[in-house]
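None of the figures in this text is laboratory data; all of them are computed from the coordinates on show. Predicted, not measured: the structure shown is a model, and the values here were computed from it. Positions of Cβ are generated from backbone atoms using ideal geometry, with glycine treated the same way; all protein chains shown enter the neighbour counts.
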Number of protein chains: 4
Amino acid sequence: MKKDKPKYKQIIDAAIIVIAENGYHQSQVSKIAKQAGVADGTIYLYFKNKEDILISVFEEKMEVFAENLKQIIEIDASASEKLFQMIENHFNVLASDHHLATVTQLELRQSNLALRLRINAILKNYLVLLDSILKEGIENGEFNEKIDIRLARQMIFGTIDETTTTWVMNEYKYNIIDLTPKVHRLLLNAIKV
Amino acid sequence: MKKDKPKYKQIIDAAIIVIAENGYHQSQVSKIAKQAGVADGTIYLYFKNKEDILISVFEEKMEVFAENLKQIIEIDASASEKLFQMIENHFNVLASDHHLATVTQLELRQSNLALRLRINAILKNYLVLLDSILKEGIENGEFNEKIDIRLARQMIFGTIDETTTTWVMNEYKYNIIDLTPKVHRLLLNAIKV
Amino acid sequence: MKKDKPKYKQIIDAAIIVIAENGYHQSQVSKIAKQAGVADGTIYLYFKNKEDILISVFEEKMEVFAENLKQIIEIDASASEKLFQMIENHFNVLASDHHLATVTQLELRQSNLALRLRINAILKNYLVLLDSILKEGIENGEFNEKIDIRLARQMIFGTIDETTTTWVMNEYKYNIIDLTPKVHRLLLNAIKV
Amino acid sequence: MKKDKPKYKQIIDAAIIVIAENGYHQSQVSKIAKQAGVADGTIYLYFKNKEDILISVFEEKMEVFAENLKQIIEIDASASEKLFQMIENHFNVLASDHHLATVTQLELRQSNLALRLRINAILKNYLVLLDSILKEGIENGEFNEKIDIRLARQMIFGTIDETTTTWVMNEYKYNIIDLTPKVHRLLLNAIKV
DNA sequence: CATGAATGAGACTTCATTCAT
DNA sequence: TATGAATGAAGTCTCATTCAT
């Protein structure tokens, strides 16, 4: 499996650094290769093309979110508590890696539509997990049974995303993790019974 | 004033069509000129450069949102009702011009960071108006005085944006205007007393 | 006669100023028109095309050199004295109009080959007059009869030109008129008996 | 070192041929690449931009003049003899490569001012060597101690340049090398005791 | 005579990808 | 596996000139 070879991760990590520091349109394959300490051609032994690098960057990192979220779902707690954990986790991961935050919130969005559609497909797994929290909350009477799950999911994701992007655009001036309780309360208000 | 000359609007409208139909990166100046029925060089009598066309597209169209929102604010109605109108207006404008919807929700986001920052500056006016609805609601006791206005604004905008983008990505399969009551109720729940 | 109309000279003078201040490649027709206080199209009522403006600039100004030189030739003086006057006159004209000096020594040389060949044709008249000074000097025994007139002319013109260009490139730091005696002595040495 | 790679010289030589045959303004990078037998992009592996090609052309070729002149200075001969050799060498190099002659005397002068200033800086080395011949002649009593070295240098260079340009403009109709004795005698007269 | 809005051809440079070593 | 030199397609913008008013 290519993904397990050291150079694969080496290139992914190099890509995040290069994109965060130079911006999407200034992140040439040669720059990524240099940062990764390999030759340009070597990139193509591990990735089909440039787009494949970017998708893989997203894939690898979304996995972290999804992994964490899976664990959160499995803990023994209320749906509301799980929602809290989810928000906190989201903020935590990005707060601990500003390069990653810049890349996912700003730079990767400049990619072409095709890439963004593929990224959305990856995101879907994350959103499905979010759905399961919502369903659980409705079933156990924590959340209002009348809410439209799809809309609620879009609200939650839209709010987290907008909050994070604003934080990145403000150059991490404040600690985004501190926003968790407020964001949680706001969203909970919207969906609770 | 250049903006009042017919060719100015002609080019703006052509740009929206070309970008919506070809995608951001396949919208060459020559294509826009052809669609507008002018020579390539004529574009540069009305716009400084290609980026200037895109900013102007956004500026011109955001004006519509902002204008409408200003009128909404001035009507004699509750803050809740104004919020409803705002959401409905947002959906209305984009539902009535799918080209515009595609451009603002998908294509323009592929622009480089510099352009996006300028677009954000334009958006600010819109967000300021949204703030005033929130303030009014808090003052007259409709909305919870404990809510953080900035967060509430990010939630509202994030939700509307995410909802609209999902609708565009689903190729306008359903009527987004119909979502207004549900979206409104959800958001209102989050902020009402 | 077009040349006698006020706008003709107006445009010629504007061209010199614009070229001197902006450089050859930054001297668009529209800039010259603006400086002359006429519309772009008006230029084409007086000049066939842009090249025609530049040739006319040269023609008009070379006329001054040639006129002066003709008078110098006609005065009652030795050939050596006439050579002195010629050098002095050349330096005088350019020293009294730095814009003109910049244009003839630096900017006009960037024109294309075709234009430069036409300029050379105009120069010929000037060189013919120089030839007549040389012939006179040889005939009356002032200059060495063995010198090759064509070569001597090239030396004299080459020296004056190189001297002037150096002065312009040094941004008129010193007074070029003061060089006249030294230049004269040097050239005279080369051709005297 | 890029300059030592075969393609570097290949491109320089191609540039001289293309410029001589098509003129400065008709020498597109693609033409030079084609003549050199490489892809357009390859040019940019060896040169920063188009201007860099032109400067390098001049640099490479001026080196020949300067190298030869250095050897001339070192030979055991009178300053007058060295001056002769210098003139002859100058004529020899250009007579043996008409393409080069056209490029240096006519085409390269159409370049913009910035490029010409850089070319002048390269020329300076050549002029410094010429100065040392003059100084030597003055010290050993061959040349008049009263001459102004800078002026004498400008005369010598101006004369050689004007002579060569005239020859090129006359399309090499006569053998410029044959002019050496006459030019030498003329210039020597000007500066000898 | 004068205007000035409109035209449209034309070239430098970048960079993802390949392939011989 | 790994290299890195070479490829070549593709697009923005300028500006001399025209012509309807």
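Would you order D:Asp131, A:Asp4 from fewest to most other beta-carbon atoms within 10 Å of each residue's own beta-carbon?
Details: D:Asp131 14, A:Asp4 7.
Going from least to most buried by this count: A:Asp4, D:Asp131.
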message: Taking the Cα centre as origin and putting +1 on Lys and Arg beta-carbons and -1 on Asp and Glu beta-carbons, what dipole magnitude results for chain A, to the nearest 20 debye?
response: 600
task: Rank the residues C:Leu179, D:Leu117 as a footprinting-exposure proxy: fewest other Cβ atoms within 10 Å of their Cβ go first.
output: D:Leu117, C:Leu179
- line: Any lysines whose Cα falls less than 16 Å from that of D:Lys192, other than same-chain ones fewer than 8 residues away, would be C:Lys182, C:Lys192, D:Lys82, D:Lys135, D:Lys146, D:Lys182
query: Can you list the residues, at least 5 places off or on another chain, whose amide H is less than 5 Å from the amide H of D:Lys192, using H built in the peptide plane?
result: D:Asn144
- prompt: Which value in Å is the Kirkwood Rh of the stretch B:50-191 over different Cα pairs?
  reply: 15.7
- line: Surrounding charge for A:Ile16, neighbours by C-beta under 13 angstrom, Lys/Arg +1, Asp/Glu -1, total -3
Exam field: A:Asn112 pseudo-label spacings to other copies (7 Å along Cα-Cβ), nanometres: 1.8, 3.3, 3.8
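Take every residue in peptide D:41-54, count the Cβ atoms of other chains within 10 Å of its Cβ, and give the average of those counts.
0
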query: Which value in deg cm²/dmol, rounded to the nearest 500, describes the helix-derived mean residue ellipticity at 222 nm for the protein assembly as shown, given -39,500 (n - 2.57) per DSSP H run of n ≥ 4 and division by the residue count?
result: -23500 deg cm²/dmol
query: For chain D, what relative contact order do you get, as a whole percent, if you take Cα pairs closer than 8 Å and at least 6 residues apart?
result: 24
message: Based on Cα coordinates alone, diagonalise the gyration tensor for the stretch C:1-47, multiply each eigenvalue by 5, take square roots, and list the semi-axes in whole Å, largest first.
response: 18, 11, 8
statement: Relative to chain B, whose Cα atoms define the longest principal axis, helix B:79-95 and its Cα axis are tilted in degrees, nearest 10, by 20
- prompt: What order do you get for C:Lys2, A:Lys34, C:Lys82 when you list them from fewest to most C-beta neighbours inside 10 Å?
  reply: C:Lys2, A:Lys34, C:Lys82
message: To the nearest 20 Debye, how big is the dipole of the protein assembly as shown about its Cα centre, given +1 on the beta carbon of each Lys and Arg and -1 on that of each Asp and Glu?
response: 860
query: In peptide C:156-165, what is the residue-averaged number of other protein chain Cβ atoms found within 10 Å of each Cβ?
result: 6
query: How about A:Lys7: which aspartates and glutamates have a C-alpha closer than 17 Å to its C-alpha, ignoring those fewer than 8 places off in the same chain?
result: A:Asp40, A:Asp52, A:Glu59, A:Glu60
- request: Specify which residue in the list C:Gly141, C:Gln154, C:Leu83 is farthest towards the positive end of the charge dipole of the stretch C:50-191, using unit charges on the beta carbon of Lys, Arg (+1) and Asp, Glu (-1), about the Cα centre.
  value: C:Gln154
query: Quick one: net charge of B:Ile55's neighbours, Cβ under 12 Å, K/R +1, D/E -1?
result: +1
Check: the stretch B:119-193 dipole with +1 on Lys, Arg Cβ and -1 on Asp, Glu Cβ, in debye: 80
- line: With B:Ile160 itself left out, Lys, Arg at +1 and Asp, Glu at -1 over residues whose Cβ is under 13 Å from its Cβ give -3
- prompt: ³J(HN,Hα) across the stretch D:2-18 via Karplus (A = 6.51, B = -1.76, C = 1.60, θ = phi - 60°), whole Hz, x for Gly/Pro?
  reply: 4, 5, 8, 6, x, 5, 4, 5, 4, 6, 4, 5, 4, 4, 4, 4, 4
